[in-house]
Amino acid sequence: MLSLFFRCSTCKIVNSGRFENDPIVVNFDSLCNNIHNSYECAKKIEKHQLTNFSHLIKRNNDKLILTIENNADVIFIDKEFDDGVIRYSFRDYIKEINSYIVHIQYFEGNAYCLINKNSGETIIIPGLLKISPDKSRLVSYNVDLVAEYTVNGFVIYRLTNTSFIKEFELIIEIDEWWPSNAEWIDNNQIEFEKTVLNDTSEIVAGKVIYEFKGKWQIKE
């Protein structure tokens, strides 16, 4: 049994005998109406998706099991500690980049995990993601100005068939701006709305573009 590189040591690859069918794309807009807890929302989404992706994923009590290539599984195991918890909930299979996305719930705060279905390579990202037009990169971003339980900032990865290669990461301090509503202008430019904190309220204060010219930088 091979352990994956992951924040939690309970993520494993094991043998599997299942076969893959075509994935199903689902819109989550209405699933979490009137739910104001991130974990409860994540569990409701997983319950919905377990039916749609029964050929790829399985829930066995505290274990979330995802099928990858070469008859193997990636297994996430919920954990409880004296000072907190880690719980995993399946969110979706992203066909464009052949990867799973899993919601991670901590005692305070949350994040997401992206798993390459070809290799099982696993990365933690701060929020949901957007994929470049040519499917060669992704950006994941998050804003948490008030509670500060989660990361404020964004990360950009270049994608291959088997791996995620980090190209740029920006973690932003609370007295600065925060990126929100990222949109790819083209394969080498991303436009963010700039969010700032004003009297404990999040407000949008303009836009900023990051571009890739040998490295990622603010477009002047």
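Does residue 151 meet the test of being aliphatic (A, V, I, L, M), without any contact (Cβ under 8 Å) to a residue 60 or more places away in the chain and part of a strand (DSSP E or B)? In short, no.
Which of the numbered conditions does residue 197 fail, given that it passes all the others? Conditions: (1) under 30 Å from residue 46 (Cβ atoms); (2) crowded, with 16+ Cβ neighbours inside 10 Å; (3) modelled with pLDDT under 80. Answer for residue 197: the failing condition is (1). Scanning segment 25-84 for residues being surrounded by 16 or more Cβ atoms within 10 Å (Cβ to Cβ), in a strand (DSSP E or B) and either at positive phi or hydrophobic (A, V, I, L, M, F, W, C) (or both) gives a total of 10. Filtered by the rule that a residue be in a strand (DSSP E or B) and either in contact with a helix residue (DSSP H, G or I) (Cβ under 8 Å, 6 or more places away or on another chain) or acidic (Asp, Glu) (or both), segment 95-115 gives 103, 105, 110.
Being at pLDDT below 90 and touching a Gly at 6+ places or on another chain (Cβ under 8 Å) is the filter here, so list the residues in segment 112-142 that pass it. Answer for segment 112-142, where residues must be at pLDDT below 90 and touching a Gly at 6+ places or on another chain (Cβ under 8 Å): 126, 142. The set of residues in segment 197-206 that are without any contact (Cβ under 8 Å) to a residue 40 or more places away in the chain and part of a strand (DSSP E or B) comprises 198, 201, 203, 204, 205, 206. For segment 13-49, the set of residues classified as among the acidic types (Asp, Glu) and at pLDDT 80 or above consists of 40, 46, listed by residue number.
Annotation note: of 151, 143, the sole residue that is touching a Ser or Thr at 6+ places or on another chain (Cβ under 6 Å) and not assigned by TED's automatic domain parsing to the domain that holds residue 80 is 143.
Pick from 209, 190, 165: which is under 24 Å from residue 136 (Cα atoms), more than 19 Å from the chain's Cα centre (by Cα) and either assigned to a strand (DSSP E or B) or not hydrophobic (A, V, I, L, M, F, W, C) (or both)? The match here is 209.
Would you pick out the residues in segment 93-103 that are surrounded by fewer than 21 Cβ atoms within 10 Å (Cβ to Cβ) and more than 13 Å from residue 161 (Cα to Cα)? Correct list: 94, 101. Going by the conditions given, is residue 92 outside the structural domain of residue 164 (by TED's automatic domain parsing) and in contact with a helix residue (DSSP H, G or I) (Cβ under 7 Å, 6 or more places away or on another chain)? In short, yes.
Scanning segment 150-160 for residues that are farther than 24 Å from residue 103 by Cα, hydroxyl-bearing (Ser, Thr, Tyr), modelled with pLDDT of 95 or more and buried (at least 16 other Cβ atoms within 10 Å of the Cβ) turns up nothing.
Within segment 92-118, can you find the residues that are farther than 23 Å from residue 169 by Cα and in contact with a Ser or Thr (Cβ under 8 Å, 6 or more places away or on another chain)? The answer is 93, 117, 118. Picking from residues in segment 168-187 that are free of Cβ contacts under 8 Å to residues at least 24 places away in the same chain and assigned to a strand (DSSP E or B), the one that is nearest to residue 121 (Cα to Cα) is 169.
The values are calculated or read from the model by the stated rules, or taken from the named source; none is laboratory data. The model shown is predicted, which means the values in this text are computed figures rather than measured ones. Every residue, glycine as well, gets a Cβ built from its backbone with ideal geometry; the counts of neighbours run over all protein chains shown.
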